[in-house]
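Here's the structure we're looking at; comments come further down.
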Amino acid sequence: MALTGRAALLAALGSLPVGIWEPSWTGILAVNAPLALACACDAVLAAPVRRLGLTRSGDTSVRLGDTADVTLTITNPSGRPLRARLRDAWPPSSWQPGTETTASRHRLTVPPGERRRITTRLRPTRRGDRQADRVTIRSYGPLGLFSRQGTHKVPWTVRVLPPFTSRKHLPSKLARLRELDGRTSVLTRGEGTEFDSLREYVPGDDTRSIDWRATARQTAVAVRTWRPERDRHILLVLDTGRTSAGRVGDAPRLDASMDAALLLAALASRAGDRVDLLAYDRKVRALVQGRTAGDLLPSLVNAMATIEPELVETDARSLTATALRTSPRRSLIVLLTTLDAAPIEEGLLPVLPQLTQRHTVLLASVADPHITAMAAARGNVDAVYEAAAAAQVQSERHRTAEQLRRHGVTVVDATPDDLAPALADAYLALKAAGRL
């Protein structure tokens, strides 16, 4: 229980004239005794807060950047009306900065034996699970002089999913995929392709693709055409080690890698390929396998929602062994990791032949646009030194990428905004070349 500011103000106003004109304890008691009696009556008439019934309902998941509405139902079983202020507490990352005070505090009145609903609107700023904290209710009497306060635990969890901002590129990539499927005249014969149809031979065609049986049944030479094979297996490998924690702009590199992985998964599932996900540093952080095309994206975003970068060095040897166990037959393995020289040369390159001899490997890395801006800076001594440092970093990344390409790895190095469409283009190029 607690006195309100109104009671303190009335006590001060009543004691002030007595203290100025005729200071005495008798005068002060004469003024404040009625106020004390009013406070006691107000406390008795205030609805109890311990007996209130509270339940939650509403959204259980939301994409990062969107809003989620969580409804709190308050039931007043007492015979007195509830006049209250309520604070619905959530972790600080559940709100945009500066909006928590207005979004989490509510005023309500609940008549005896009735219930009311209030809605708390969350706008999370980070991925992961956001769990409701305490609900604090302060119940006031009819005069507003005295209040009762109590706290209730009302569990609720809202899962904040990756935003998937690159989905805006999906229509254009699907159009290119349909164009790829329809261009049978330029589809080539090769390993990992499916027979599509027969057409007449034209100069320049590979003679190994001539169908002699079909040619014998007609007057023109018939050539087999081939299309990229469907139902191929793609393994997305997210490196969740320390390098993924580096921030590029306002978000860690891991978030940009997740966005690119989601776009590629959506595109590949539409192409009829099977997609799995492995998140790894020194142990498996997430594994999604065997999902149908309709269930793939929900499963991926749910698995990615709770993944956070770990401040440990990724064990490339155990990552490779885990990837090989996850993909026992020929697959496209997409490594979303760093292009920094030390982790690649000391960790990945020694074990890379184990992957490339059985699988097609594509490595995607997030480049820092600030490095590009630094490399172009001029005008003063500091800017020139920054440009030299940026040029050295870019040179090391290019050298590392060339080392990977010599091992047969396709490398995509792009800024966060460009990584997802660049990775999708690399996948389509591999598909068109019959390398999947």
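The values are calculated or read from the model by the stated rules, or taken from the named source; none is laboratory data. Remember, it's a predicted structure, so these values are computed and weren't measured experimentally. With ideal geometry, Cβ positions are generated from the backbone for all residues, glycine too; neighbour counts draw on all protein chains shown. Heavy atoms of the whole protein, side chains included, go into the accessibility calculation; ligands, DNA and RNA do not. Shrake-Rupley method; radii C 1.70, N 1.55, O 1.52, S 1.80 Å.
Per-structure values
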item: Extension reserve of the residue 351-residue 433 stretch, reckoned as 0.36 nm per residue once the Cα distance is removed; result: 26.9 nm
item: Cross-link reach list, aspartates and glutamates versus residue 431, counting only Cα pairs under 14 Å and skipping chain neighbours closer than eight places; result: 179, 181, 191, 194, 229, 231, 273
item: In order through the stretch 298-313: 3J(HN,Hα) via Karplus (6.51 cos²θ - 1.76 cosθ + 1.60), integer Hz, x for Gly, Pro; result: x, 5, 5, 5, 5, 5, 6, 4, 9, 7, 10, x, 9, 7, 9, 6
item: Choice from 215, 400, 151 showing the highest fluctuation, given a GNM over the chain with Cα pairs closer than 10 Å; result: 215
item: Point-to-point label distance, residue 340-residue 318, nm (Cα→Cβ direction, 7 Å offset); result: 1.9 nm
item: Angle in degrees between helix 381-406 and the longest Cα principal axis of the chain, rounded to the nearest 10; result: 50 degrees
item: Rounded tilt (10° steps) of 416-432 against the dominant C-alpha axis of the chain; result: 30 degrees
item: Within the stretch 82-119, backbone nitrogen closer than 14 Å to the virtual label 7 Å beyond the Cα of residue 71 toward Cβ; result: 115-119
item: Inter-centroid distance (Cα atoms) of the stretch 118-148 relative to the stretch 298-339, Å; result: 40 Å
item: Whole-number accessible area per residue in Å² for the chain, which is evaluated in the context of all protein chains at 1.4 Å; result: 50 Å²
item: Helix-only [θ]222 nm of the chain, DSSP H runs n ≥ 4, -39500 (n - 2.57) each, per residue, nearest 500; result: -11500 deg cm²/dmol
item: Cα convex hull of the stretch 373-422, projected area averaged across orientations, nm²; result: 4.0 nm²
item: Cα-based shape type of the chain, given that a ≥ b ≥ c are square roots of the gyration tensor eigenvalues and the cut on a/c is 1.5; result: prolate
item: Over the chain, relative contact order from alpha-carbon pairs under 8 Å, at least 6 apart, %; result: 13 percent
item: Those residues of the stretch 59-73 whose amide nitrogen sits under 15 Å from the label point placed on residue 115, 7 Å along Cα→Cβ; result: 71-73
item: Cα long-axis angle, helix 170-182 against the chain (0 to 90 degrees, to the nearest 10); result: 20 degrees
